[in-house]
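The structure appears below as structure tokens.
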Amino acid sequence: KTVQNYEDVDLSFTYRRNDCTGLRHTNPYEILRKNMKEANDLCSEQLFSKPIEELLT
């Protein structure tokens with residue numbers, strides 16, 4: 001069954017700003033590794049958040 005109003009879920013609490021100036025001294029694989037870890041952490045934070053819980057109940 002499709003959720004009717006899934007567009008009104010506010011996930012703005014997960015918005016982040018990062019200073020990336022130090023990345024120019026980092027090798028590409030380390031940047032990729034950090035990016036993948038941050039993406040996984042963000043996904044978990046969003047999926048297990050109160051707004052998503054309320055959407056699914």
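Table for the structure above
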| read-out | value |
| --- | --- |
| Filter result for the condition that a residue is modelled with pLDDT under 85 and part of a helix (DSSP H, G or I), over LEU42, LEU23, LEU55, LEU32 | LEU55 |
| Some residue of the range 34-53 being in contact (Cβ under 8 Å) with a residue 40 or more places away in the chain and of a type outside the set (Lys, Arg) | yes |
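The values are calculated or read from the model by the stated rules, or taken from the named source; none is laboratory data. In this text, all values refer to a predicted model and were calculated from it rather than measured experimentally. When we count neighbours, we look across all protein chains shown, and the Cβ atoms used for this are built from the backbone with ideal geometry, even at glycine.
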